[in-house]
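**Student:** This structure is in structure tokens; I'll ask about it shortly.
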Amino acid sequence: MKIHAREVIGLVLIVVGIGFEKQWWTIPREWSPWKPLHIADPITPVTQWKLQRLEDDSEACLAAIRTAPEGAVEYTPLAPYTPVEGCALDNVVRIQRTGVSFNRSFVASCPLAVAWVLYERHRLQPLARDVFGQPVVSVEHYGSFACRNIYHRANARRSEHATAEALDIAAFQLDDGQRIEVLHDWEGDADKSRFLHEAQETACGLFGTVLGPEYNAAHANHFHLGMRGVSVCR
Ligand SMILES: [Zn+2]
């Protein structure tokens, strides 16, 4: 009797299907597109997809923020409002602090807030410990919300900042007081430069759009971490 490859594949698929149905095996939560996002779960390629699904679902997004461990984020959920004519905001929160303090609180789309907390916990702090042996304690940003088009051009698309879906990061401060500035340290001190390059690189694939000093002169002094797009990293 000749066994055809097609029959074998069919049989395997049936067994796999029954396996999931009977829960003989399960996909870890962080790999399952259908399971809710938890802040403590490791980041996988599925995480970005989960983040993007939170854009239109403020309830699911707030539920994701609430999975953050104690002290990981202090925030206030905001009702939809229009701070500036033409730039209505919904599914937004005000971030007071996360595991780090900020130069000032900021309004962030809820998925941006979740992405930042994930990034800080799983990427930024392990990197800081690796390079400097200590954590980042504060972050200086240039803001998240600005009701404008890209590069302030009248005929350009609306910026991610117009919906509070992007945060511009200018500098980091370590536990011992050392400052690391995108503008001065991108190509300076070896450790600081390495830290900044890896901080940008590891933001890719979590945030939808990551822009830095090598993209253009407008980004010489900050990282733009935005939620639109899929792994746009320049
Ligand atoms: Zn920006």
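The values are calculated or read from the model by the stated rules, or taken from the named source; none is laboratory data. Just so it is clear, the structure is predicted and the values come from calculations on it, not from any experiment. Reconstructed Cβ throughout: ideal geometry from the backbone, glycine too, with neighbour counts over all protein chains shown. The protein model used for the area step is the full one, side chains on, heavy atoms only, and it has no ligands, DNA or RNA in it. Shrake-Rupley method; radii C 1.70, N 1.55, O 1.52, S 1.80 Å.
**Student:** What size of dipole, in debye to the nearest 20, comes out for the chain about its Cα centre when the only charges are +1 on Lys and Arg C-beta atoms and -1 on Asp and Glu C-beta atoms?
**Tutor:** Details: 23 positive and 28 negative charges, 142 e Å.
Dipole about the Cα centre, nearest 20: 680 debye.
**Student:** Enter the angle in degrees (range 0 to 90, nearest 10) between the Cα long axis of helix 190-201 and the first principal axis of the Cα atoms of the chain, meaning the one along which they spread out most.
**Tutor:** Orientation of helix 190-201: about 50 degrees from the principal axis.
**Student:** Let me ask something else about it. Where the accessible area of segment 29-233 is counted over protein heavy atoms with a 1.4 Å probe, how much of it, in %, is carbon and sulfur? Mind showing how you got there, number by number?
**Tutor:** On the way: 4630 of 9500 Å².
Within segment 29-233, the accessible surface is 49 percent carbon and sulfur.
**Student:** Give, in nm to one decimal, the length gained when the segment between H219 and A40 is fully stretched (0.36 nm per residue of separation minus the Cα-Cα distance). Mind showing how you got there, number by number?
**Tutor:** Working: separation 179, 0.36 × 179 = 64.44 nm, distance 3.08 nm.
My answer for the length gained is 61.4 nm.
**Student:** On to the next question. What is the distance, in nm, between label points placed 7 Å from the Cα along the Cα-to-Cβ direction at R129 and at E198?
**Tutor:** So the label points at R129 and E198 sit 1.3 nm apart.
**Student:** Now a separate question. Run lengths n ≥ 4 of DSSP H only: what is the helix-derived mean residue ellipticity at 222 nm for the chain, with -39500 (n - 2.57) per run over all residues, to the nearest 500? Each step should come with its number before you reach the end.
**Tutor:** Working: 7 runs with 69 residues, N = 234.
Here the helix-only value at 222 nm equals -8500 deg cm²/dmol.
**Student:** Looking at the chain, send over the antiparallel percent of its DSSP beta bridges, to the nearest 5. If you can, show how the numbers build up before the last one.
**Tutor:** Values: 29 of 34 bridges.
In the chain, DSSP labels about 85 percent of beta bridges as antiparallel.
**Student:** Within the set of other residues whose C-beta is less than 12 Å from the C-beta of C61, count the net charge using Lys and Arg as +1 and Asp and Glu as -1. It would help to have the intermediate numbers written out before the result.
**Tutor:** Values: positive: K50, R53, R66; negative: E55, D56, D57, E59, D90.
So the environment of C61 carries a net charge of -2.
**Student:** Same structure again: Around N103, which amide H atoms from residues at least 5 apart in sequence, or from another chain, sit under 5 Å from its own amide H, with H modelled in the peptide plane?
**Tutor:** Correct list: V139, H141.
**Student:** Sticking with this one: Going highest first, how would you order 69-81, 107-119, 6-18, 136-148 by mean Cβ packing within 10 Å?
**Tutor:** On the way: 69-81: 12.7, 107-119: 25.9, 6-18: 10.2, 136-148: 18.5.
Sorting 69-81, 107-119, 6-18, 136-148 by mean packing, highest first, produces 107-119, 136-148, 69-81, 6-18.
**Student:** Report the residues of segment 29-60 in range of a label on V16: point 7 Å along Cα→C-beta, backbone N strictly under 20 Å from it.
**Tutor:** So the set is 29-35, 45-47.
**Student:** Also, I was wondering about something else. What residues qualify as long-range amide H neighbours of Q134, i.e. H under 5 Å apart, gap of 5 or more or another chain, H built at 1.01 Å from N?
**Tutor:** Sorted by chain and number, the residues that satisfy this are R129.
**Student:** Applying the Karplus parametrisation 6.51 cos²θ - 1.76 cosθ + 1.60 with θ = phi - 60° to the phi angles of segment 26-33, what ³J(HN,Hα) value in whole Hz is obtained for each residue in order, glycine and proline being reported as x?
**Tutor:** Residue by residue, segment 26-33 yields 10, 7, x, 3, 5, 9, 9, x Hz.
**Student:** Which residues does a label at D176 reach in segment 187-221, if reach means a backbone N under 16 Å from a point 7 Å past the Cα toward the Cβ?
**Tutor:** 189-193, 195
**Student:** Once amide H atoms are placed 1.01 Å from N in the peptide plane, what residues at a sequence separation of 5 or more from L89, or on another chain, have their amide H within under 5 Å of its amide H?
**Tutor:** Correct list: Y81, T82.
**Student:** Can I ask one more? Based on the alpha carbon coordinates of the chain, what radius of gyration and maximum Cα-Cα distance (Dmax) apply, in Å?
**Tutor:** Reported Rg and Dmax, both Å: 20.6, 75.
**Student:** I need the phi-derived Karplus couplings for segment 9-19: 6.51 cos²θ - 1.76 cosθ + 1.60, θ = phi - 60°, integer Hz, Gly and Pro marked x.
**Tutor:** After applying 6.51 cos²θ - 1.76 cosθ + 1.60, I find 4, x, 5, 4, 4, 5, 5, 4, x, 5, x Hz.
**Student:** While we're on this one: Any chance you could check the Cα centroid distance between segment 29-64 and segment 184-202 for me, in angstrom?
**Tutor:** After rounding, the separation between the Cα centres reads 29 Å.
**Student:** Next up: Determine, for each peptide in 167-175, 224-232, the mean count of other beta carbons within 10 angstrom over its residues, then list the peptides with the highest first.
**Tutor:** Details: 167-175: 20.6, 224-232: 18.4.
So the order, starting with the most tightly packed, is 167-175, 224-232.
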